[in-house]
Ligand SMILES: Nc1ncnc2c1ncn2[C@@H]1O[C@H](COP(=O)(O)OP(=O)(O)O)[C@@H](O)[C@H]1O
Ligand SMILES: [Mg+2]
């Protein structure tokens, strides 16, 4: 897409209306200001239908951060991402939940213009990553799956060098880095070599690094994998704050609790495909019940006990080590199981809320973390 100079000093981009097959106006690269050509205003005015359609298209362009249709990635003959459809709206926290090997990172790298699309349609910030990779990369903050910090350098130096890639002046960077280190709670480690940081600190530093250019879209590939619970909560808290500040979050995870905590909307990915899409609550409502009773039985008695649950639970899932009974009233079911003459003698009973892990199990027959 050719870039035009607007009336002011800001660089603006033409708005191409596909129905008209040409530029009909201009907008800021971040989509915040849209201006339709005077001549096209009257053109749209001629036809109320066309005008409404055009207005809707323009609104969609401003709100859509990513749009993927039939997106596919192959490595030789192997298909890592197989015709997936999804879109991410400005300001939302959108997740890819799935086990190792599902194709999450491959999808993220295509979004980040770090890996070419094999087949399908992909727009990122209304740009085509194939032709505008550099523009896409410049506008996204990226937290890759593996920390790619310079371990020989200090915390401050890592951020400074990264900021210099963006051509940001040193004085501005000093101030911004100070603020970012406060934000990720690493101010006291400013002069520490990265080698000496804990896993959680390194992760927070990569997040700070992704924010150096003040992007309004952040891609996070497994932001808390391998961290202990306390370190994970600290990262979640920071991501939640960014979301509140209006940053669009696109993240991958194989932790169902992370997806539930952070994502407004998510897709469940398995074996290169998207198997479900919705908010955490919608997914649970659509695919499982509200509550679950987990039962452990003495060795050798599990199958017989599970059979007795038939007709009393909405669905029964028999796992190698336990039985899951899905129901809308877990307390009533637990009371029933423990009844005098019911012939079931569980050695452990856990009543809990249904989770995205249950949804994954239902849809794929497998567990998220193998
Ligand atoms: N560069 C590559 N070359 C060949 N195969 C790859 C490459 N990257 C990923 N894969 C394969 O693609 C599949 C999906 O990988 P990935 O996107 O990393 O999944 P996830 O991030 O969900 O764990 C895996 O089977 C992986 O081995
Ligand atoms: Mg991955």
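The values are calculated or read from the model by the stated rules, or taken from the named source; none is laboratory data. Bear in mind that the values here come from a model prediction, so they are computed numbers and not experimental data. Because the Cβ atoms are built from the backbone with ideal geometry, glycine has one as well, and the counts that use them run over all protein chains shown.
Within region 86-93, is even one residue part of a strand (DSSP E or B), closer than 25 Å to residue 367 by Cα and modelled with pLDDT of 95 or more?
Scanning region 86-93, I find at least one residue that is part of a strand (DSSP E or B), closer than 25 Å to residue 367 by Cα and modelled with pLDDT of 95 or more, so the answer is yes.
Name the residue that is farthest from ligand 2 (Cβ to nearest atom), counting only residues in region 100-124 that are crowded, with 22+ Cβ neighbours inside 10 Å and at positive phi.
Here the answer is 113.
Away from ligand 2 (no atom under 16 Å from the Cβ) and either at pLDDT below 95 or at positive phi (or both): does that describe residue 280?
So residue 280 fails the test.
Checking the condition away from ligand 1 (no atom under 16 Å from the Cβ), modelled with pLDDT under 60 and crowded, with 21+ Cβ neighbours inside 10 Å, which residue from 59, 54 passes?
Values: 59 fails: crowded, with 21+ Cβ neighbours inside 10 Å.
Sole residue among the options that is away from ligand 1 (no atom under 16 Å from the Cβ), modelled with pLDDT under 60 and crowded, with 21+ Cβ neighbours inside 10 Å: 54.
Going through 151, 131 one at a time, which residue ends up being surrounded by fewer than 16 Cβ atoms within 10 Å (Cβ to Cβ), in contact with a helix residue (DSSP H, G or I) (Cβ under 6 Å, 6 or more places away or on another chain) and either in the same structural domain as residue 222 (by TED's automatic domain parsing) or within 30 Å of residue 266 (Cα to Cα) (or both)?
151
Could you list all residues from region 252-264 that are surrounded by fewer than 19 Cβ atoms within 10 Å (Cβ to Cβ) and part of a loop (DSSP other than H, G, I, E, B)?
Within region 252-264, 264 is the sole residue that qualifies.
Taking the conditions exactly as written (out of contact with any helix residue (DSSP H, G or I) (no Cβ under 7 Å at 6 or more places or on another chain), in the same structural domain as residue 72 (by TED's automatic domain parsing) and in a strand (DSSP E or B)), does residue 214 satisfy them or not?
In short, no.
Every residue in region 188-204 that is closer than 16 Å to residue 237 by Cβ and surrounded by fewer than 22 Cβ atoms within 10 Å (Cβ to Cβ), please.
200, 201
One residue is enough: does region 238-251 have a residue meeting the conditions more than 19 Å from residue 214 (Cα to Cα), within 16 Å of ligand 1 (Cβ to nearest atom) and either touching a helix residue (DSSP H, G or I) at 6+ places or on another chain (Cβ under 8 Å) or part of a helix (DSSP H, G or I) (or both)?
Looking for residues that are more than 19 Å from residue 214 (Cα to Cα), within 16 Å of ligand 1 (Cβ to nearest atom) and either touching a helix residue (DSSP H, G or I) at 6+ places or on another chain (Cβ under 8 Å) or part of a helix (DSSP H, G or I) (or both), one finds none in region 238-251, hence no.
When you look at residue 227, is it in a loop (DSSP other than H, G, I, E, B) and either in contact with a helix residue (DSSP H, G or I) (Cβ under 6 Å, 6 or more places away or on another chain) or modelled with pLDDT under 95 (or both), yes or no? Steps first, answer last, please.
Values: in a loop (DSSP other than H, G, I, E, B): yes; either in contact with a helix residue (DSSP H, G or I) (Cβ under 6 Å, 6 or more places away or on another chain) or modelled with pLDDT under 95 (or both): yes.
So residue 227 fits the description; yes.
Suppose the filter is more than 30 Å from residue 72 (Cα to Cα) and touching a residue at least 12 places away in the same chain (Cβ under 8 Å); does residue 276 pass it?
Working: more than 30 Å from residue 72 (Cα to Cα): no; touching a residue at least 12 places away in the same chain (Cβ under 8 Å): yes.
Considered against the rule, which asks whether it is more than 30 Å from residue 72 (Cα to Cα) and touching a residue at least 12 places away in the same chain (Cβ under 8 Å), residue 276 comes out as no.
Scan region 212-221 and give yes if some residue there is buried (at least 23 other Cβ atoms within 10 Å of the Cβ), modelled with pLDDT of 95 or more and over 24 Å from residue 154 (Cβ atoms), otherwise no.
Scanning region 212-221 turns up at least one residue that is buried (at least 23 other Cβ atoms within 10 Å of the Cβ), modelled with pLDDT of 95 or more and over 24 Å from residue 154 (Cβ atoms).
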